[in-house]
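Report on the structure given below.
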Amino acid sequence: MDLTRDAAAQALRDIEHAGTASRELYGYQFGGAYLIVWGLIWLVCGSLGDFLPGFARTIWSTGNIVGIAASIWLTFRLPKSNDRRYLWRGLGLMGILVFFWVAVGWVLDPTPARKLLAFSGLLTGTAYLIVGLWAGTRYLWCGVAVVGLSLIGHAFMTSHYQLWFAVACGGALILGGWWMRRA
């Protein structure tokens, strides 16, 4: 069988496409676990914070510490590429976002908790939008959902915003993580 130049070029394009699709699906498997963990953290902390408003700051601080520890554990536990740069980039991104979130909370203190919670949703959703530009459209859709739900709740929920945030945004992360893991 003779292989023409065009057929060889098409075969190379097909191989490249398969590799790209494989990397994207692998990234969904890896990233979906983080969305589920943080969706559960938001669901629990937002619900408890709504029912125990006097303890909301403590609940969220504890939840964030648990979420960060779980994320670090996942980073070292989940199968990953042999390229350690991705591991350190992921941890670096998470560290930068946590630092930025804490710094904004400190600078804007005493901003009402409702606004800081909305900011958390916007920051997280924006991070997923940015990641989605490189890692795949499912991240983009998760980012759109979290940003949109954060803004809708902030605009229309006059009471029980933490509960809204817990169910809507936490639920969006859980469903998004499940959707990614099913890819």
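Values in this text are rule-based calculations from the coordinates and carry no lab data. On a predicted model such as this, the values are computed, not experimentally measured, just so you know. Every residue, glycine as well, gets a Cβ built from its backbone with ideal geometry; the counts of neighbours run over all protein chains shown.
Once phi is turned into ³J(HN,Hα) by the Karplus curve 6.51 cos²θ - 1.76 cosθ + 1.60 with θ = phi - 60°, what whole-Hz value does each residue of region 43-49 show in order, with x for glycine and proline?
Once θ is set to phi - 60°, the couplings for region 43-49 become 5, 5, 5, x, 5, 5, x Hz.
If I take R0 = 45 Å and measure r between the Cβ atoms of Phe100 and Arg13 in this structure, what FRET efficiency does the formula 1/(1 + (r/R0)^6) give, to the nearest 0.05?
Values: r = 40 Å, r/R0 = 0.89.
My answer for the efficiency is 0.65.
Want the number for Ala69 to Leu3: 0.36 nm per residue separation, take away the alpha-carbon distance, what's left?
On the way: separation 66, 0.36 × 66 = 23.76 nm, distance 5.36 nm.
My answer for the length gained is 18.4 nm.
At 7 Å along Cα-to-Cβ for each site, give me the label-to-label distance between Arg57 and Phe156 in nm.
3.2 nm
Starting at the first residue of region 166-172, write each ³J(HN,Hα) from the Karplus equation 6.51 cos²θ - 1.76 cosθ + 1.60 with θ = phi - 60°, in whole Hz, x for Gly and Pro.
For region 166-172, the Karplus curve yields 4, 6, 6, 6, x, x, 4 Hz.
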